[in-house]
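Peer 1: Mind looking over this structure? Questions follow.
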Amino acid sequence: MTARRALDEIEAAHTAVGGTSPGRRYATQQINQAYAVVVSSQFQKYCRDLHSEAIDQITTFVSNPSIREILRVQLTSNRKLDSGNPNSGNLGSDFGRLGLDFWQDLYGRDPRNSLRRRQLDMLNKWRNAIAHQDFDPAELAGKTQIRLSDVRGWRKTCEALAEGFDLVIRDHLATILGRVPW
Amino acid sequence: MKNSRKRTPVRVGDSRFLHVGTRRIRVRVIEDRGPIGVGGRRLVRVQRLNSETEEPLAFEVPAEDLSSS
């Protein structure tokens, strides 16, 4: 199942449970929370795959097989994205191993990525809150419940960031490898 | 040069060998990452075995780099 289809199915479930007319829907809070978690986890998968693909491109350039495997071990071991959330710190740490100033390059490509970064970090705070069932309004911009519109906004943010990440990494690899990787 | 390493399909849970530097180390396949490598080749995540005195180390390699002997 593709990421987009999985997310669209949750949207459909939200409508099926809550309907489309105005008014508060209590059962939909659970769906909103599930939706937020799926958005974050799908984004994590995307980022992890992008990182793996980039490292495979880099290591392929090393002709000596012994050195190639040493490099591969160093670039993929203790990766934050393997076990942690795709927050801006973990992303900067993992992609920074590839030799670029990750977030600065993203800001240079599109200044809106600065706001998107903050939105991404809020999504991940909600992911942790939902996973631990610990809703501290001091951490969650004063809220303890999320709306469908919040999650839709995060989904759009992740889609825009995914596109930006792809371009930044592709251009970085093109610069250091001397060819466009994809 | 003929590649003398045996090649059998790699699955999660398999124990395999990998040449790193001058050593041949034993690893266990802990995750199939799918065809996300260069040219669509399959990547797997492996964990180094026989590391009782160290923290387990997990990293990624192309499935084709693993051997069964």
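The values are calculated or read from the model by the stated rules, or taken from the named source; none is laboratory data. All of these numbers come straight from a predicted model, not from anything done at the bench. Neighbour counts run over all protein chains shown; Cβ positions are idealised from the backbone, glycine included.
Peer 1: Counting only residues that are touching a Gly at 6+ places or on another chain (Cβ under 8 Å) and among the acidic types (Asp, Glu), which one in the stretch A:50-85 is farthest from residue B:35 (Cα to Cα)?
Peer 2: It comes out as A:69.
Peer 1: Let me ask something else about it. (1) facing another protein chain (nearest Cβ under 10 Å); (2) more than 10 Å from the chain's Cα centre (by Cα); (3) farther than 15 Å from residue A:55 by Cβ: which one isn't true of residue B:32, the others all being true?
Peer 2: Among (1) facing another protein chain (nearest Cβ under 10 Å); (2) more than 10 Å from the chain's Cα centre (by Cα); (3) farther than 15 Å from residue A:55 by Cβ, the lone unmet condition for residue B:32 is (1).
For (1) of a type in the set (Ser, Thr, Tyr); (2) at pLDDT 95 or above; (3) closer than 21 Å to residue B:41 by Cβ, each residue gets a yes or a no:
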{"site": "A:55", "(1), (2), (3)": "no, yes, yes"}
{"site": "A:60", "(1), (2), (3)": "yes, no, yes"}
{"site": "A:63", "(1), (2), (3)": "yes, no, yes"}
{"site": "A:72", "(1), (2), (3)": "no, no, yes"}
{"site": "A:85", "(1), (2), (3)": "no, no, no"}
{"site": "A:90", "(1), (2), (3)": "no, yes, no"}
{"site": "A:95", "(1), (2), (3)": "no, yes, no"}
{"site": "A:99", "(1), (2), (3)": "no, no, no"}
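Peer 1: Sticking with this one: Restricted to the stretch B:40-67, and to residues that are more than 9 Å from every other protein chain (Cβ to nearest Cβ) and within 17 Å of residue A:50 (Cβ to Cβ), which residue is surrounded by the most Cβ atoms within 10 Å (Cβ to Cβ)?
Peer 2: Among residues in the stretch B:40-67 that are more than 9 Å from every other protein chain (Cβ to nearest Cβ) and within 17 Å of residue A:50 (Cβ to Cβ), the one surrounded by the most Cβ atoms within 10 Å (Cβ to Cβ) is B:42.
Peer 1: Still on this structure, I have one more. Conditions: (1) modelled with pLDDT of 90 or more; (2) more than 14 Å from chain B (Cβ to nearest Cβ). Residue A:27 meets all but one. Number of the miss?
Peer 2: For residue A:27, the failing item is (1).
Peer 1: From A:152, A:97, A:116, grab the single residue that is within 17 Å of residue A:48 (Cβ to Cβ), surrounded by 14 or more Cβ atoms within 10 Å (Cβ to Cβ) and among the charged types (D, E, K, R).
Peer 2: Sole residue among the options that is within 17 Å of residue A:48 (Cβ to Cβ), surrounded by 14 or more Cβ atoms within 10 Å (Cβ to Cβ) and among the charged types (D, E, K, R): A:97.
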